[in-house]
1. Here is a check on your reading of the model: is Glu103 of a type outside the set (A, V, I, L, M), modelled with pLDDT under 95, within 30 Å of Gln39 (Cβ to Cβ) and in a helix (DSSP H, G or I)?
2. Yes or no: Tyr44 of a type outside the set (A, V, I, L, M, F, W, C), in a helix (DSSP H, G or I), surrounded by fewer than 10 Cβ atoms within 10 Å (Cβ to Cβ) and at pLDDT below 90?
3. From Arg37, Arg76, Arg58, which residue is among the basic types (Lys, Arg) and either part of a loop (DSSP other than H, G, I, E, B) or modelled with pLDDT under 90 (or both)?
4. With respect to Leu31, is the statement that it is modelled with pLDDT of 90 or more and exposed (fewer than 10 other Cβ atoms within 10 Å of the Cβ) true?
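The values are calculated or read from the model by the stated rules, or taken from the named source; none is laboratory data. What you are looking at is a predicted structure, and each value in this text was computed from that prediction instead of being measured. Methodologically, a virtual Cβ is constructed for each residue, glycine included, from the backbone with ideal geometry; neighbour enumeration extends over all protein chains shown.
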Amino acid sequence: MEKSKSTSGNMPRPWQSNHTVYTNAKAGTFLELDKERVQRVVVYEMSKGSKYFENEERKEAFAGQKIESINVADRRVLELEAACDLSRIWLHLDMDVFYAAVETLRNPS
């Protein structure tokens with residue numbers, strides 16, 4: 001049987017990202033099978049070009065963009081927290097004239 005070759009780094013192989021479940025409990029599977037090869041050849045290669053495949057790739061790309069934007073936001077929050085000066089306290093009150101006028105009517109003094 002063909003042994004699968006490892007890719008460099010921790011990058012997932014594209015056929016591992018499809019949401020499928022593989023089990024040894026299928027009828028007639030008495031031999032030890034290479035699950036990664038079955039996943040790659042049967043599921044990934046055979047579904048290439050299908051609408052399902054294209055939709056899954058689109059959803060995966062969108063999820064990747066969302067994760068990247070969250071990572072950018074997290075890095076920015078850390079930068080802002082590191083630059084934050086807490087040695088002073090600022091108090092800002094914003095009162096509408098309406099509330100002051102109501103209080104003046106209630107208590108003219």
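1. Numbers: of a type outside the set (A, V, I, L, M): yes; modelled with pLDDT under 95: yes; within 30 Å of Gln39 (Cβ to Cβ): no; in a helix (DSSP H, G or I): yes.
The answer is no for Glu103.
2. Numbers: of a type outside the set (A, V, I, L, M, F, W, C): yes; in a helix (DSSP H, G or I): yes; surrounded by fewer than 10 Cβ atoms within 10 Å (Cβ to Cβ): no; at pLDDT below 90: yes.
Taking the combined requirement at face value, the residue does not satisfy it.
3. Values: Arg76 fails: either part of a loop (DSSP other than H, G, I, E, B) or modelled with pLDDT under 90 (or both); Arg58 fails: either part of a loop (DSSP other than H, G, I, E, B) or modelled with pLDDT under 90 (or both).
Sole residue among the options that is among the basic types (Lys, Arg) and either part of a loop (DSSP other than H, G, I, E, B) or modelled with pLDDT under 90 (or both): Arg37.
4. Details: modelled with pLDDT of 90 or more: no; exposed (fewer than 10 other Cβ atoms within 10 Å of the Cβ): yes.
So Leu31 does not fit the description; no.
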